[in-house]
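The values are calculated or read from the model by the stated rules, or taken from the named source; none is laboratory data. From a predicted model like this one, the values you see are computed outputs, not experimental measurements. In this analysis, Cβ positions are derived from the backbone assuming ideal geometry, glycine residues included, and neighbour counts consider all displayed protein chains.
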Amino acid sequence: MFADAIERVSSAFFPIFWEHRIGNRMSVGISGTGFFISSTGYFITAEHVINEIPKGAQIIYGGNIPDSVLPQPLTIQEIFRDTKSDIFIGQINIQNQPYFTISEECPRIGTSICLCGYPLAQMSGHQDGIIDVNAVRKYYQPTFVIDYITTVNEGRTHDGFMTQHTSLNGMSGGPVFGIDGKALGMDVATFARRILIPNGPQIMVNNGIVQGVGKLRQTIQRSGIRI
């Protein structure tokens, strides 16, 4: 169902890399996922993805991994952030970049959608600056919209919808798209519930939380950028 859409959007999202150098030692990691919203390098991700990067680390763009790896990583420029809405807008010095068109409408309950990102990536850095990304892979998870929801977690308000499947670590900030390839929201959190069954066991239910297109569009407008 999503094969054609995946082919169209596969170059429009990327891992958010960070690197931290102390003397001759370099630590590297992926804190989440970002996706382009214009051909001129503007992108969007979850603000907590940027906020949780180790203090003193540099945020970098390494390319559309694993399809292409930049020989020299590019720095990321902050354009706008809204901590309360958990949205960060940045820009990378890149042109003619494939990007996501953001839908104007929230999907209906029951709609088939797809989560994507860079979960559980393992890397290693070398003193010469080379980062081993052989274990970094894209991930796609088809799922469904099961309900609309507004939640507040650590001061961040997520106003969008709930998905049947949840995301894995590293997928925060990733686009959620439909079969037409348009972005329907941004992956932001997991909604965990413990359900007690009378005279039975306790059941743990995990669902995904998506920041909806309304919040994304409002924040893009407030940032003043044109896409």
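For this structure, a couple of remarks:
- Entirely in segment 1-104, the strands (runs of 3 or more DSSP E) that have 1 or more residues that are in contact with a Pro (Cβ under 8 Å, 6 or more places away or on another chain), buried (at least 17 other Cβ atoms within 10 Å of the Cβ) and among the hydrophobic types (A, V, I, L, M, F, W, C): 13-22, 25-36, 58-61
- Considering each residue of segment 172-189 in turn, none proves to be more than 24 Å from Ser103 (Cβ to Cβ) and either surrounded by fewer than 16 Cβ atoms within 10 Å (Cβ to Cβ) or not hydrophobic (A, V, I, L, M, F, W, C) (or both).
- Enumeration of residues in segment 17-55 that are modelled with pLDDT under 95, of a type in the set (Val, Ile, Thr) and within 18 Å of Phe80 (Cα to Cα): Ile53
- Selection from segment 199-213 of residues that are surrounded by 14 or more Cβ atoms within 10 Å (Cβ to Cβ) and farther than 21 Å from Thr166 by Cα: none
- Here Pro142 does not qualify as in contact with a strand residue (DSSP E or B) (Cβ under 7 Å, 6 or more places away or on another chain) and assigned to a loop (DSSP other than H, G, I, E, B).
- Criterion violated by Gln202 - all others in (1) modelled with pLDDT of 85 or more; (2) touching a strand residue (DSSP E or B) at 6+ places or on another chain (Cβ under 6 Å) satisfied: (1)
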